[in-house]
Structures are given as structure tokens and as C-alpha cells.
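**Q** Take this structure first; my questions come after.
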Amino acid sequence: MADRVTVIGWDGSPLSRAATAALSAATLVAGAAHHLALPEVPGPAERIRLGSVDLAARRIAGHRGSAVVLADGDPGFFGVVRTLRRPEHGLEVEVVPAVSSVATAFARAGMPWDDAQIVVAHPRTLRRAVNVIRAHHKVAVLTSPGAGPAELALLLDGVHRTFVICEELGTARERVTVLTSDKTADHTWRDPNVVIVVGGGPEATADGAWIAGRRPAQREDVRGWALPGASYGGAGDGGEGGSPGLRAAQLARLGPRTGDLVWDIGSGDGALAVEAARFGAAVLAVDSDPDACARTAAAARTFQVAVQVIRGSAPHVLESLPEPDVVRIGGGGVPVAIAVADRRPERIVTHASNRDEAETLGAALAENGYTVECALLQSVELDTSDWAERERSVVFLLAAVRSDLAP
């Protein structure tokens with residue numbers, strides 16, 4: 001095992017005294033090509049071109065002597081430190097940090113970033129990174145080959161954002177470019193880069209900020225979920241299909257979360273769409289009624305969340321939408337249920353007003369590869385002045401999980 005392993009962050013600035021001392025004593029140095037070309041790297045040291053960090057860690061673990069790993073920015077922030085510290089490698093490391101590439105990118109853009117979401121985009125996580133961009137006003141993306149600015153912009157088709165692309169930060173080839181998302185896909189970008197994506201609602205002020213990654217101006221005065229429909233600008237609770245109790249049960253079965261894309265088909269007053277967005281998910285709200293679309297957009301503005309409203313009739317309008325993770329079907333019957341199942345979301349929820357309708361919907365989902373559960377929900381609202389019944393709701397809730405994911 002290496003006698004000593006030092007991980008040094010590099011941001012283009014002159015190396016610190018601690019970093020220089022560690023390099024001067026190194027008998028093995030691992031890093032990218034531009035790191036290994038630094039004049040401080042001793043000539044006799046064994047050099048490893050850093051591709052797979054796991055492979056480099058194995059080489060380091062078998063080395064007798066002092067090893068140094070060079071990495072861009074802060075190596076403890078989405079960097080090599082986590083991999084080197086895995087139990088299977090048995091390495092104990094000392095870290096000499098530098099300014100992270102995310103902090104440098106925001107500094108180049110002259111923007112605050114305590115309210116930013118930060119994601120890493122690989123080809124396998126690209127779609128989830130795009131969903132975070134859809135849902136949040138300010139996102140920094142640490143990109144990788146095959147999951148860069150052009151790919152992000154292509155998947156954002158129809159969603160307007162501003163891209164600040166920071167290429168090769170800290171090097172002589174550093175370049176910062178500001179473009180709209182519809183122009184970004186037309187360019188070839190150099191790796192590595194950091195992309196700051198801005199849009200999707202008003203920028204928050206710093207007043208009252210106390211937690212990173214959140215917008216301080218978001219409706220933190222609102223506590224709880226499944227609020228009455230009137231809270232979202234609706235005339236009421238919208239009958240059995242829009243009651244707060246049903247909405248709460250649907251959200252619980254869907255489990256929307258950051259990185260998800262939710263389809264809300266038949267969005268109505270926008271209550272479920274907005275509440276899913278409050279969980280951090282990206283939301284597409286679909287309705288054929290222009291008044292319903294307007295109400296959903298207004299509710300999203302009131303609660304300061306990003307909801308993309310699409311006017312159209314399901315199932316036809318669904319063909320052009322990006323792939324969903326979870327779907328709420330508010331109406332449309334079996335044709336819509338089958339069209340949604342064909343897109344293979346993880347979870348689908350819908351409701352029926354009677355048992356025959358519930359059986360028909362459940363059978364359609366089951367025949368298309370879903371494990372279906374059904375519950376009869378009944379709620380009674382009471383007037384607490386005299387404890388008389390004010391309103392009663394009875395509805396069948398259907399919750400479907402893709403069969404390959406079902407327990």
C-alpha cells in the first residue's frame with residue numbers, strides 16, 4: 001500500500017505550499033494530461049493518466065512510496081476522494097482542496113449560487129439532470145462526454161432556458177459563453193465544462209435565505225399538502241376527482257421527487273401539478289380546456305414552481321411529450337390509460353367513480369404490464385359548528401406499478 005496518498009485540487013492558480021511539498025516527495029502521480037504536464041510534477045515519479053479512478057486506486061494501493069492524485073477543482077465535491085476512500089481500496093488520503101469548478105463558474109458569471117441545484121450529468125443520468133433543469137430556476141451541471149451542453153439543450157426541446165457554458169476553467173483555453181437553449185445544440189463544446197442553466201421562474205432574493213439549494217422566496221408560508229382546491233385558485237375541490245383526500249392518496253402512491261418527470265393528464269385547477277412540483281419534480285400539466293390551462297399556470301405562479309402547461313387532448317397530445325417517470329390520469333378512460341402504459345412510466349395513478357369503471361381501467365393496465373391495486377376511498381367533510389355533514393366523496397383509487405418493479 002502507498003505510504004501516503006495526497007489528493008490535490010487544481011483550479012489553474014499557483015499550487016499552494018502544501019501541494020508543492022506533497023508533489024516534490026511523490027514517487028507516483030496520477031492525473032489528467034494537463035495535470036501531469038505541470039512543472040511541479042517530479043521527473044522521476046511514475047505517472048498514471050487518470051481515466052478510471054478505480055483502476056488508478058488499485059495501482060496506488062499496490063505502490064510503495066508517496067502517491068499524489070491531481071484533480072480539477074475541489075476533489076471532495078463530486079470528485080475522486082469518494083472513490084479513493086472506498087473500503088475495497090483501503091486508502092487513507094489527505095486532501096489539499098482548491099476552488100470548486102462550480103464556484104468558479106458562478107464567479108465567472110457574476111451570479112450568487114446558494115440557491116442553485118447542482119447535478120452531475122452522465123449519459124445514464126442525463127434525463128434526470130434535464131428534469132432538474134425543468135423544475136428549478138438555477139441549476140449547475142457538471143457535464144461529461146455524451147452528456148454536455150448540446151445534449152442538455154436537445155432534451156429541453158420546447159423549454160426556454162439561458163445557458164452559461166464554462167469550458168476548461170482555469171486553463172489557458174478557458175471560455176465562457178452565454179446562449180439560449182435553442183442555440184446551444186448547434187455548437188460543439190470542449191470538455192470538461194460546467195453549465196449554469198437559468199430560467200423557469202423569477203430569481204429569488206437573498207432575503208431570508210438559510211439553506212443552500214432552495215429558493216428563499218418559495219412559498220414557505222404554506223405548510224402541508226393536499227390543500228383545498230381554493231388554495232390553488234380553483235372554485236372549489238372539483239368534485240370526486242379533485243378532492244384533497246384523493247389528491248393526497250395519489251401523490252403518496254406516485255412519490256414524485258427531484259429528478260422525476262410527472263405527467264398530470266387532466267390537470268384541472270392545477271392542484272396536483274403544483275403539489276408534485278413542490279416535491280421538486282418536473283411537471284407537465286396537460287388539459288384540453290384553455291381555462292384549466294390558465295388556472296394551472298396561475299397556480300404555478302402563485303406557488304413559484306415551474307410547471308409546463310400543455311393544451312391538448314389525450315391520448316394524441318401524449319405522443320410528443322418526453323418520457324415520464326410517474327403519471328396521474330385525471331380522465332380519458334381506457335384509451336388514455338393504454339397510451340400512458342405504452343410509455344412505460346414506473347407508476348400510474350387514476351380514479352373511477354364506480355366499480356365497473358375501476359375494473360375496466362384496472363384490467364387495461366394489467367394487460368399492459370402493470371401490477372394494479374385498487375382502494376375505495378370515502379371522505380366526509382363536517383361543519384364543526386354543528387358537526388353536520390357538509391360534503392361526502394366516494395371514489396375508487398387505482399395505483400399501478402410497472403410489473404418489473406413491483407414487489
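**Q** Is there a quick way to get the dipole size of region 219-336? I mean about its Cα centre, with the Cβ of Lys and Arg at +1 and of Asp and Glu at -1; what is the value in debye to the nearest 20?
**A** On the way: 10 positive and 14 negative charges, 51 e Å.
Here region 219-336 has a charge dipole of around 240 debye.
**Q** Further question on the same structure: Taking a probe of 1.4 Å, how large is the accessible area per residue of region 116-190, in Å²? Numbers along the way, then the final one.
**A** Working: 3240 Å² over 75 residues.
Per-residue value: 43 Å².
**Q** With every protein chain kept in place and ligands, DNA and RNA left out, what is the accessible area per residue of region 32-111? Probe 1.4 Å, answer in Å².
**A** Working: 4230 Å² over 80 residues.
It amounts to 53 Å² per residue over region 32-111.
**Q** Using a 10 Å Cβ count of at most 15 others and DSSP loop calls, identify the longest part of the chain lacking such GluC sites (Glu not before Pro). Walk me through the intermediate numbers first.
**A** Numbers: sites that count: E88, E92, E174, E203, E220.
In the chain, the maximal stretch lacking such sites is 221-407.
**Q** To continue, here is another question. So how tilted is helix 244-254 from the main axis of the chain? Cα-based, degrees 0 to 90, rounded to 10.
**A** 40 degrees
**Q** About its Cα centre, how strong a charge dipole does the chain have in debye, to the nearest 20, once Lys and Arg get +1 and Asp and Glu get -1 at the Cβ?
**A** Working: 40 positive and 49 negative charges, 299 e Å.
For the chain, the charge dipole is close to 1440 debye.
**Q** Now for a separate question. Compute, for region 1-152, the length of the dipole vector about the Cα centre, with Cβ point charges of +1 (Lys, Arg) and -1 (Asp, Glu) only. Units Debye, rounded to 20. Before the final figure, lay out the partial values.
**A** On the way: 16 positive and 13 negative charges, 84 e Å.
It comes to approximately 400 debye.
**Q** Still on this model: Out of all DSSP beta bridges with both ends in the chain, state the antiparallel percent to the nearest 5. Present the calculation step by step, with values, prior to reporting the outcome.
**A** On the way: 38 of 77 bridges.
So the antiparallel bridges amount to about 50 percent of the total.
**Q** Ok, one more. In the set (1) 22.0; (2) 19.0; (3) 23.9, which value of mean projected area of the Cα convex hull in nm² was calculated from the structure you see?
**A** (3)
**Q** Per the 1.4 Å probe, what fraction of the accessible area of the chain, in percent, lies on carbon and sulfur atoms?
**A** 51 percent
**Q** On to the next question. In region 312-407, what chymotrypsin sites (Phe, Trp or Tyr not before Pro) fall in a loop by DSSP, with at most 10 other Cβ atoms inside 10 Å?
**A** Working: sites: Y370, W387, F396; in loops: W387.
Those that pass, being in a loop and sparsely packed, are W387.
**Q** Assuming R0 = 41 Å, can you tell me the calculated FRET efficiency for the pair A212 and D386, based on Cβ-Cβ distance, to the nearest 0.05?
**A** Details: r = 49 Å, r/R0 = 1.20.
Result of the calculation: an efficiency of 0.25.
**Q** Next question. I need the per residue convex hull volume for region 292-407, using only the alpha carbons, in cubic angstrom as a whole number. The partial results should precede the final answer.
**A** Details: hull volume 17.6 nm³, N = 116.
Taking the convex hull of the Cα positions in region 292-407, it is 152 Å³ per residue.
**Q** Then there is this: Just the number please: accessible area per residue for region 329-402, 1.4 Å probe, all protein chains included, in Å². Don't skip to the answer; put the middle values down first.
**A** Numbers: 3880 Å² over 74 residues.
Accessible area per residue, region 329-402: 52 Å².
**Q** Okay, next question. Over the chain, with a Gaussian network built from C-alpha contacts below 10 Å, which listed residue (S181, S267, S379) shows the highest mean-square fluctuation?
**A** S379
**Q** Given springs between every Cα pair under 10 Å in a Gaussian network model of the chain, which of V80, V141, V195 has the largest fluctuation?
**A** Result: V80 has the largest fluctuation of those listed.
The values are calculated or read from the model by the stated rules, or taken from the named source; none is laboratory data. All values reported here derive from a predicted model rather than from experimental measurement. Reconstructed Cβ throughout: ideal geometry from the backbone, glycine too, with neighbour counts over all protein chains shown. Remember, those area values only see protein heavy atoms, side chains included, never the ligands or the DNA or RNA. Shrake-Rupley method; radii C 1.70, N 1.55, O 1.52, S 1.80 Å.
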